[in-house]
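Everything on this sheet refers to the single structure shown next.
What follows is calculated from the coordinates using simple rules that are stated; it is not laboratory data. Just so you know, these numbers come straight off a predicted model, no measurement behind them. A quick note on method: Cβ atoms are made from the backbone with ideal geometry, for glycine too, and the neighbour counts reach across all protein chains shown.
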Amino acid sequence: MANPDPEKTRSRHLRITAPSPWVARFAPLVPKGGPTKGAILDLAAGGGRHGRYFHALGHPITAIDRDVSSLADFADEDGVTVIETDLEEGTNAKDVLSRRTFAGIVVINYLHRPLMDVLVGALEPGGVLIYETFARGNEDFVRPRNPDHLLKSGELLELARGKLQVVAYEHGIIKAADIEGVKQRLCAVNNLGLSTRDDGDPAPHPVPDPA
């Protein structure tokens, strides 16, 4: 099965400027009072729509992509760091992430499995992972269709299992999305080791209503 045309896919994504509704819904859960003062990682940032959204909410931003030409204007903003690196070749991305922690990590419409555990490890205590990308079954819709770029059933839940508290998870055909298709969505918090409860469970988070 052919890989998606990366330039065609990138162009389609760059035309979208509004944040994903999933990101906007769970953005209020990202803490600002921790060690990074609310720092956000926008991974595979594209045009930076999610970094720009969080920056407007007062968060410092690190935006990473292999092509940062669409982030040139954003890079000049206070509190913004733009890093150009190939996310899928060599160890550059892993090295970058291993030296940083974040209060929030946002990954939308992107999947590179070797980075997934690295992302979990880059969350500060209490930090929030907001992840949304395509899953198997999407081959009946638009690209991507390559199984290397499609999540297996429950794969994001397995990523969080035993490491993060799952606040919300969805899997299915999502029409009210920037790009319609079969997607998995996860919001999870790095607080399993922060419990003050007698039973050891982490304190529950409020689940924001959909917009």
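Note that the range 157-169 has calculated 3J(HN,Hα) couplings of 5, 5, 4, 7, 4, x, 10, 10, 7, 7, 8, 7, 8 Hz, one per residue in order, obtained from phi through the Karplus relation 6.51 cos²θ - 1.76 cosθ + 1.60 (θ = phi - 60°); glycine and proline are x. Close amide-amide hydrogen proximity is noted between Gly126 and Asn190, Asn191, each under 5 Å apart and 5 or more residues distant or on a separate chain (H modeled in the peptide plane; Pro and chain starts excluded). For the range 94-105, 3J(HN,Hα) computed residue by residue from phi via the Karplus equation (6.51, -1.76, 1.60; θ = phi - 60°) reads 4, 5, 4, 6, 5, 9, 9, 10, 9, 7, x, 10 Hz, glycine and proline entered as x. Put the Cα centre of the range 157-188 next to the Cα centre of the range 49-67 and the gap is 21 Å. Pairs of Lys residues in the chain, spaced 8 or more positions apart or belonging to different chains, with C-alpha separations under 28 angstrom: 16 in total.
With contacts defined as alpha carbon pairs under 8 Å and 6 or more residues apart, what's the relative contact order of the chain in percent? Intermediate values should be presented prior to the final figure.
Details: 409 pairs, mean separation 39.3, N = 211.
Answer for the chain is 19 percent.
Between Ile108, Ile174, Ile64, the GNM of the chain built on Cα springs shorter than 10 angstrom shows Ile174 fluctuating the most. Per residue of the chain, the DSSP helices (runs of n ≥ 4 H) give a summed -39500 (n - 2.57) that works out to -5000 deg cm²/dmol at 222 nm. Here's how it looks for Val80: its modeled amide H is under 5 Å from those of Ile61, which are all 5 or more places away or on a different chain. Between the amide H of Gly38 and those of Ala103, distances stay under 5 Å, these residues lying 5 or more places away or on another chain, with hydrogens modeled in the peptide plane. Highest mean first, the peptides 186-197, 45-56 sorted by other C-beta atoms within 10 Å per residue fall in the order 45-56, 186-197.
The chain: D in µm²/s via Stokes-Einstein (Kirkwood Rh, Cα pairs, 25 °C, 0.890 mPa s)? It would help to have the intermediate numbers written out before the result.
Working: Rh = 17.4 Å.
Answer, rounded: 141 µm²/s.
Of all beta bridges that DSSP places with both ends in the chain, some 45 percent have antiparallel geometry.
Computed from backbone phi, the HN-Hα couplings of the range 110-118 come to 8, 8, 9, 4, x, 8, 5, 5, 4 Hz, rounded to whole numbers (Karplus: 6.51 cos²θ - 1.76 cosθ + 1.60, θ = phi - 60°; Gly and Pro given as x).
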